[in-house]
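Below is one structure, written out as structure tokens; comments come after it.
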Amino acid sequence: MAFVCYTGFEDLLTELPDNVDVVFIGAFTEAAHTAYALSNLFRGRGAITVIGGPHARCYPEDAARYFDYVLGFTDKGTLRDVLRDRSQHRPAGVQLAASQQPRTLPGVRERWQFIDSTLRKAPLLKMVPMLGSLGCPYTCAFCIDSTVPYQPMDFEVLREDLRFLLTRFKRPLVAWHDPNFGVRFDDYLDMIEDAVPSGSIDFVAESSLSLLSEPHLKRLRRNSFKGVLPGIESWFALGGKSKTGALVGMAKVRQVSEHVNLILQYIPYIQTNFVLGLDTDEGAEPFELTKRFLDMTPGAFPAYSLLSAFGRAAPLNLDYQRSNRVLPFPFHFLNNNGAMNVKPANYSWQALYDQIIDLTRYSFSTRAIFRRFLATQGVTARWMNLVRAVSTEGFGRARYHREIRNRLDHDPQFPPYFEQESGVLPQFYKNIVRQDLGPLMEWLPDGALYHDPNAYLKSERSKDVVALV
Ligand code: SF4
């Protein structure tokens, strides 16, 4: 058996084994074309191919064109079924799924040989990924986890894993990959405190603001939580997540800013997540409010995502598809920044990109970077903010958005595609896929750059027809 974790830098053609009977690939949608090319390559060598992970859950119909098996929720039984059947299913793969997420998963100790080989590739920060829970009790309609019931993982395994890590590192750094860490806050902190001496492991976690009250922050600091990544998303919606209730606009900015500044007194690193282009936003105001938030909260690192609909990831996507607002941007660009695949409700594309560019410029201006540097405690947090701002994330995205905006005016292939008058993908995007896939481009199946953006809606409608019959 061979396991390869692709971090984006490996030469897959030399790292992957030749002689395999079954190939399992787990991929996010932005890696779908790499996965499709690999499947084609391995099928050519006689292997059976299987895809799981978020892309398979979001776009099963499309993935089935290129894989023998497409897995939704996957547990041991699902894997056993695949391995028992182990046969070609072409041209359309078989879709299999368990009824829910697995109740248990192998812990860090069991996965150590795989984690270790992946961490060796990380140049500086060696973060060990852990999962304390799956799903989320909140119901943010745009989120893939909003429909997955919340479930804690086995506390005994988590406890053992934390202890195990202390035998592997002088000071481990654990990143909790829970969709929303700390839903059962006291239970998790009790478990951590019971497992290892306070402060012997550093942690980062993605938690919603509503879970980050001052008593919780005190306990997180005692247990060496060094970074949190709460979602603010919008100044005009989703108040439940940020504990701002019905507050909107500047009133919400004030409350969230106060809260984030409080968090910064306890936790050195905070990334605040925003979604740009939501239907609740209109005009310049949402963007101006984010700028005011940055002025009032200079220590927060802002992370922006363009509104994206990942196939059948979230219930809200059905509404977008019903109103024919989903564009067929190739999967490669669905990384929350490469393209916005939902036509904005209240902006022209040009006006939206003008606002996005203005906000990005403001967020990563010399003044903002300098203020963020001063307002952040600790060497690592300061340098992380600086590096992220001047790398592909800050400066790089600003450059990319400017390029898109410019092409909306000057590239004749852009407006018809963005306005859904033409399905012909602009050459600009094809060139990027070719460049990013490199030698794997040779194995990308014909037609793989195109998918049906309304497949989810069509499959729901066909269910209705079956029910009526
Ligand atoms: S709180 Fe976060 S993880 Fe939970 S449903 Fe909302 S966006 Fe998803």
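So what is log10(I(q)/I(0)) for region 1-105 at q = 0.10, 0.11, 0.14, 0.15 1/Å, when the Debye sum runs over its Cα atoms only? Each listed q maps to, in turn, -0.25, -0.31, -0.50, -0.58. Counting only the Cα atoms, region 97-158 fills a convex hull of 137 Å³ per residue. Can you figure out the FRET efficiency of Thr280 with Gln350, using R₀ = 22 Å and their beta-carbon distance, to the nearest 0.05? Between Thr280 and Gln350 the formula returns 0.60.
Think of a 1.4 Å ball rolled over the protein heavy atoms: region 357-469 then has 59 Å² of accessible area per residue. Here the chain carries DSSP beta bridges of which approximately 10% are antiparallel, counting only pairs with both residues inside. Can you tell me the relative contact order of region 353-432? Whole percent, Cα pairs under 8 Å, sequence separation 6 or more. 26 percent. Taking 0.36 nm per residue of separation and subtracting the current Cα-Cα distance, fully stretching the chain between Phe169 and Ser459 would add 99.5 nm. Counting only protein heavy atoms and a probe of 1.4 Å, the accessible surface of the chain is 54% carbon and sulfur.
For region 294-412, the ratio of Cα radius of gyration to the globular rule of thumb 2.2 N^0.38 Å stands at 1.22. List the residues whose amide H sits under 5 Å from the amide H of Val94, counting only those 5 or more places along or on another chain, with H placed 1.01 Å from N in the peptide plane. Residues meeting the amide H criterion: Tyr69, Val70. Between the residues Gln355, Val94, Pro54, the greatest Cα displacement towards the positive end of the dipole of the chain, with unit charges on the Cβ of Lys, Arg, Asp and Glu, is found for Gln355. With a Cα-only, solvent-free Debye model of the chain, what are the log10 I(q)/I(0) values at q = 0.07, 0.10, 0.12 Å⁻¹? At q = 0.07, 0.10, 0.12 Å⁻¹ the computed log10 ratios are -0.38, -0.82, -1.24. The alpha carbon convex hull volume per residue for region 58-198 rounds to 151 Å³.
Taken one residue at a time, the phi angles of region 249-255 give Karplus couplings (6.51, -1.76, 1.60, θ = phi - 60°) of x, 4, 4, 5, 4, 4, 5 Hz. Gly and Pro are set to x.
Relative contact order for the chain: 13 percent, from Cα pairs under 8 Å spaced at least 6 residues apart, divided by residue count. Computed extension gain for Thr7 through Thr380, at 0.36 nm per residue and net of the alpha carbon distance, reaches 132.1 nm. The count of lysine pairs in the chain whose Cα atoms are under 15 Å apart, excluding pairs fewer than 8 places apart on the same chain, comes to 6.
Rg of the Cα atoms in region 163-276, relative to 2.2 N^0.38 Å, amounts to 1.12. Across region 233-348, the convex hull enclosing all Cα atoms gives 118 Å³ per residue.
Placing a label point 7 Å from the Cα of Asp452 along the Cα-to-Cβ direction, the residues of region 59-82 with a backbone N closer than 20 Å are 59-72. Seen from all directions on average, region 91-130 presents a Cα convex hull projection of 5.3 nm².
Ignoring solvent entirely, what values of log10 I(q)/I(0) come out of the Debye formula for region 246-285 at 0.19, 0.25 Å⁻¹ when each Cα is a single scatterer? Cα-only, vacuum Debye calculation for region 246-285: -0.71, -0.97. Full extension of the segment from Arg322 to Ala141, taken as 0.36 nm per residue of separation minus the current Cα-Cα distance, would add 63.6 nm.
The values are calculated or read from the model by the stated rules, or taken from the named source; none is laboratory data. Because the structure is predicted, anything quoted here is derived from the model rather than measured. Using ideal geometry, Cβ is built from the backbone for each residue, glycine included, and neighbour counts are taken over all protein chains shown. When the accessible area is computed, the model is the full protein with side chains, heavy atoms only, and any ligands, DNA or RNA have been set aside. Shrake-Rupley method; radii C 1.70, N 1.55, O 1.52, S 1.80 Å.
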